[in-house]
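Colleague: Take a look at this one; I'll ask things after.
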């Protein structure tokens with residue numbers, strides 16, 4: 001545990017939860033809160049300094065509690081109990097999950113946690129409807145949300161029946177997304193969040209292959225267009241379902257390509273999308289964080305809702321740079337601080353996660369879709385980077401060191417193999 005650090009805001013701590021692999025979202029939340037003077041406590045599974053534990057190295061992390069085997073509720077609850085007890089008379093600390101497994105943990109234990117923590121996550125019924133992609137389609141349809149046609153097949157015969165009545169391409173994705181973040185599925189699906197199939201034979205073949213490991217799958221109509229048709233609406237709504245702040249952005253590239261997380265993103269305000277999204281959230285009685293993922297459908301000109309994530313975004317740093325600090329808005333709301341008036345977001349600002357964007361560029365280049373010069377030109381306007389920050393350099397410095405050391409070890413192994421040594425001519 002890192003010793004406590006002093007901050008300028010005399011309020012309760014913000015406790016940021018980060019499961020293994022959640023380092024994109026957690027680092028952003030730590031920085032956006034820490035820059036406002038909030039004392040931040042990180043509870044994470046990743047090793048401090050590893051690529052999955054960069055947030056622990058941030059100057060804005062006052063305490064870091066590592067909990068190996070984050071999926072074991074008892075160990076995490078014991079750590080959280082100690083953190084709550086240490087607050088004294090400063091009030092209940094604010095609990096912020098940053099990835100789906102964290103959100104699942106909070107939802108399972110909400111009755112116990114909300115006795116000691118201020119909650120910024122939606123209630124269990126909303127979380128459950130959104131994390132289960134099969135339930136989400138039915139729930140969204142009941143509430144009139146514009147989702148693509150979706151099916152949950154129960155076996156191969158139903159898959160064949162769906163193929164006869166649907167139009168291709170189709171998307172195959174898991175009912176519960178964290179399933180595809182674990183082996184052997186990570187390797188089986190190539191790290192993708194969803195797979196696209198273009199005809200009935202490939203649908204059947206792909207379904208057989210994936211269902212042998214994870215039979216809980218969803219089929220969905222593929223909305224045409226590349227990743228630059230993907231838009232996100234980020235919002236925070238108070239206990240009365242009043243939107244206190246919102247932000248809109250467009251994905252320019254994702255990694256993995258076509259079905260991954262945004263690695264080059266641009267702030268853009270789409271009034272139609274914002275109005276429709278906020279009305280939908282209020283209609284279902286939403287409270288807390290919401291991240292709505294849309295894709296613009298050229299067939300009818302509408303924005304189709306692909307999913308709602310009941311948590312912060314992995315690129316919330318961009319929203320904060322554009323004047324919309326959603327984690328701090330949530331913190332002020334649940335701790336009783338007066339709300340700040342909403343501001344109009346700055347547009348045209350770009351966010352970059354360089355390591356993933358480089359990988360995405362290589363994939364696009366191999367497919368003949370992007371030249372090196374086009375890639376470099378697309379980086380104009382980048383003002384926010386996922387890891388690199390002038391006021392918080394250690395995560396980036398350590399990441400560079402770690403990757404250089406890893407490259408050195410790989411080179412040493414290569415040169416150390418029998419038969420690999422070179423002789424001088």
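The values are calculated or read from the model by the stated rules, or taken from the named source; none is laboratory data. Just so it is clear, the structure is predicted and the values come from calculations on it, not from any experiment. Counting neighbours? That spans all protein chains shown, and the Cβs are built from the backbone with ideal geometry, glycine included.
Colleague: Only one of (1) at pLDDT below 95; (2) surrounded by fewer than 22 Cβ atoms within 10 Å (Cβ to Cβ); (3) within 30 Å of residue 146 (Cα to Cα); (4) touching a strand residue (DSSP E or B) at 6+ places or on another chain (Cβ under 9 Å) fails for residue 350. Which number is that?
Modeller: (1)
Colleague: I've got another one for you. Taking the condition of being within 25 Å of the chain's Cα centre (by Cα) and free of Cβ contacts under 8 Å to residues at least 60 places away in the same chain, how many residues in the stretch 356-370 meet it?
Modeller: Step one: filter the stretch 356-370 for residues within 25 Å of the chain's Cα centre (by Cα), giving 356-364.
Checking which are free of Cβ contacts under 8 Å to residues at least 60 places away in the same chain leaves us with 358, 362.
Residues in the stretch 356-370 being within 25 Å of the chain's Cα centre (by Cα) and free of Cβ contacts under 8 Å to residues at least 60 places away in the same chain: 2 in total.
Colleague: Looking for something in the same structural domain as residue 361 (by TED's automatic domain parsing) and assigned to a helix (DSSP H, G or I) - is there at least one such residue anywhere in the stretch 256-272? Explain how you work it out, then say what you get.
Modeller: The first filter runs over the stretch 256-272 and keeps only residues in the same structural domain as residue 361 (by TED's automatic domain parsing), leaving 256-272.
Adding the requirement that they be assigned to a helix (DSSP H, G or I) leaves 271-272.
Checking the stretch 256-272: at least one residue is in the same structural domain as residue 361 (by TED's automatic domain parsing) and assigned to a helix (DSSP H, G or I).
Colleague: Oh, and also: Residues to consider are 120, 76, 165; find the one that is over 26 Å from the mean Cα position of the chain (by Cα) and either buried (at least 20 other Cβ atoms within 10 Å of the Cβ) or on the phi < 0 side of the Ramachandran plot (or both). Working first, answer last.
Modeller: On the way: 120 fails: over 26 Å from the mean Cα position of the chain (by Cα); 76 fails: over 26 Å from the mean Cα position of the chain (by Cα).
Of the residues listed, the single one that is over 26 Å from the mean Cα position of the chain (by Cα) and either buried (at least 20 other Cβ atoms within 10 Å of the Cβ) or on the phi < 0 side of the Ramachandran plot (or both) is 165.
Colleague: Right, another one. Residue 246 versus (1) crowded, with 17+ Cβ neighbours inside 10 Å; (2) out of contact with any strand residue (DSSP E or B) (no Cβ under 7 Å at 6 or more places or on another chain); (3) within 23 Å of residue 128 (Cα to Cα): which is the lone unmet condition?
Modeller: (2)
Colleague: While we're here: Between 337, 388, which is within 19 Å of the chain's Cα centre (by Cα), surrounded by fewer than 17 Cβ atoms within 10 Å (Cβ to Cβ) and not in a helix (DSSP H, G or I)? Please lay out each step first, then the result.
Modeller: On the way: 337 fails: within 19 Å of the chain's Cα centre (by Cα).
Just one listed residue meets the conditions, 388.
Colleague: Please find, within the stretch 363-384, the residue that is farthest from residue 350 (Cα to Cα) out of those that are in contact with a strand residue (DSSP E or B) (Cβ under 7 Å, 6 or more places away or on another chain) and part of a loop (DSSP other than H, G, I, E, B).
Modeller: Applying the first criterion (in contact with a strand residue (DSSP E or B) (Cβ under 7 Å, 6 or more places away or on another chain)) to the stretch 363-384 yields 378-379, 381-384.
When the remaining residues are screened for being part of a loop (DSSP other than H, G, I, E, B), the result is 379, 381.
Working: 379: 8, 381: 5 Å.
Here the residue is 379.
Colleague: Among the candidates 153, 177, 146, which residue alone is more than 26 Å from the chain's Cα centre (by Cα), surrounded by 13 or more Cβ atoms within 10 Å (Cβ to Cβ) and in contact (Cβ under 8 Å) with a residue 60 or more places away in the chain?
Modeller: Numbers: 177 fails: more than 26 Å from the chain's Cα centre (by Cα); 146 fails: more than 26 Å from the chain's Cα centre (by Cα).
Just one listed residue meets the conditions, 153.
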